Amino acid sequence: MNTAFDPSRRRFVGGLGSGLLAGALPSFPALAQTSGDYKALVCVFLFGGNDGNNMIVPTDTAGFARYAGIRGDNTAGSGAIGLPQSQLLALLPASGSAQFGAHPEFTELQQVWNAGDLAVLFNVGPLAQPLTKAEYATARLRPDNLFSHADQQAQWQSAVSQGLSRSGWGGRMADVVRNRNPGASVPPLISLVGRDLFTVGNNTAALSVPQNGNFGLSSFGGSANAAVANALQQLLAADRGNSLVASAQDTVTAAIASSAVLNPVLGGNASAINSLFAGQGNSVSRQLLQVARMIEARSTLAVTRQIFYVTLGGFDTHNGQIATQANLFGQLSPALKSFQDAMAQLGVADQVTTFTLSDFGRTLKPASGGGSDHAWGNHQLIMGGAVRGRTFYGQFPEHSLGGPNDISSEGRWLPTTSVDQYGATLARWFGVADVDLATVFPNLRNFGTSNLGFL
C-alpha cells in the first residue's frame, strides 16, 4: 500500500477547546519583558517525501540533458515527470557558476532567493556516519528501514538513524535553551499540528495550538463562569500525592495560563501582518500566519528563544506527481514568501530562520502512473535574513542511474550530508553551545564538519 504514514493520525488530542497540549508542561512564572536577544527556528515538515529532483533541477546543458534523459518531458505524456527547461525558474547564485532552476510554482520563493534570503542544501539525509556506496552494502552501517515513511520521518525528526529515539532534535534543542526564557508564559517549542517526534524533548514538552479559532476551555472565564473556574481550580489542586495525577493537573493548569495569553494573539484581529497572507486559506499559510502572530507578540510572551513546528502533507507522489506537486508548491511558495515578508515588517528577519524537512527524496527514475518511488537523500530549503543566501550548499548528486551517488539503479541518492550536520548548523546559530550539540545530535561526532556555513 503506497499511502504515506502520517503521525497526525495518532496524535494526542486533549480537551483544551480547539487547542492541543503535548505532554506535561511546567507552570510559568509572571510575565517579564524580553531582551533584544530574540531568535526563532521554524521547521516546515513536508510529509510524504517531497521529490527534490523536481524542486531543484540542473540547467546547464550537460546536467539538464542527464535529467531529461531519465525523467523525460511531462508535456509529451507517457508517464514522464521531467519539467521542460523553459518552465524552470532561474536561481542565479551570488557567486560561482552553478546553474540550477526551481520548480515553476516557486515564483515567490525565486523572489526570496533573489533578495538573498534563501539557500538550498543538496542531498541531505539520515546517516549514522559518513557512507560510501561500497559501505552501504554493510547493513550495520546504514540507517534502519530505509524507504519506510514512518521510520524515515522518525529519523529526520530525531537525528537518530539506528535504533529508536523517544525524543526529537527540536525537543532536545528546547531542553537546552529553555533557561533562556526565564519569565515566559509559554514553553520554547510550539506546534501547529499536535505532537510529532520532532517536538518531544527529554525535559520539555511542546505546546500545541490551533491553526485558527479560539485556544482555551469552552465556557471558561468571565464573571458568568466564575463558579466553573473556581470548581476547576479546586479540582486541579486536589489529590496531588499521586505523581501521574499531579502531572496531568500541571498540564491543564499550564495550558489554561498559556491560553489566556495566547488566545488574543492567535485571534489576530489587531495583527499588523494579517494582510500579507490575504487570499491564502490553505493549511500551511494558516500555520505560518499563526507563527508570525506569536513572533509579533514575543515581548508579551516574554520569550527570547522559540521553535515552531509546521507541516504540509501530500507529497507521497507515486502517481500524478506533476499536478500534485504543483498544487502543493503553489501553496508552499506564497506562504513562505508571506512569512518572510512578515518577519521583515516586524523587524526580525535576521532573527528567524525557516527550514524544510521531509521523509526522504524520491527516485529520479519515474514510476508507473507518472510518479516516483521512495528514495533517500533530498534537497532542503533554508530561509531567513541571517541565511547566506543565493547559494547552494552540499554536493549535488550525479544524475545517472547506478552511478556513483545511486545506491540502486533507479536514482536513490546516498546522502553526502547528514541530518546531524544540517541540524547542528541551525542549532549553533540558535544559541546551542558546542558542548551541548552532542546531546542534541548524538551522531554528530562521526562527521568531520558540524557547521555547513549557510548561517
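The values are calculated or read from the model by the stated rules, or taken from the named source; none is laboratory data. Note that the structure is a prediction, hence the values are computed from the model and not measured. All Cβ positions, even for glycine, are placed from backbone atoms using ideal geometry, and neighbour counts span all protein chains on display. When the accessible area is computed, the model is the full protein with side chains, heavy atoms only, and any ligands, DNA or RNA have been set aside. Shrake-Rupley method; radii C 1.70, N 1.55, O 1.52, S 1.80 Å.
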### Message
I'd like the carbon and sulfur percentage of the solvent accessible area for region 305-391, probe radius 1.4 Å, heavy atoms only, ligands and nucleic acids excluded.
### Response
46 percent
### Query
So, with a 1.4 angstrom probe, what is the percent of accessible area on region 124-196 that is carbon and sulfur?
49 percent
### Cut-off under 5 Å, modelled amide H: who pairs with residue 189 long-range
207, 307
### Query
Each label point is 7 Å from the Cα along the Cα-to-Cβ direction; what then is the distance between the points at residue 97 and residue 145, in nm?
4.6 nm
### Query
What distance in nm separates the simple spin-label points at residue 202 and residue 350, each placed 7 Å from Cα in the Cβ direction?
3.5 nm
### Net charge, residue 164 excluded, C-beta distance under 11 Å - Lys, Arg +1, Asp, Glu -1
-1
### Message
Run the simple label-point estimate for residue 409 and residue 260 please: 7 Å along Cα→C-beta, distance reported in nm.
### Response
6.7 nm
### Query
Gain in length, residue 136 to residue 435, computed as 0.36 nm per residue apart minus the alpha-carbon separation, to one decimal in nm?
104.6 nm
### Query
Under 13 Å Cα-Cα from residue 39, which aspartates and glutamates qualify once same-chain neighbours fewer than 8 residues away are excluded?
296, 350
### Message
Within 13 Å, Cβ to Cβ, of residue 337, how many net charges do the neighbouring residues add up to if Lys/Arg are +1 and Asp/Glu are -1?
### Response
-4
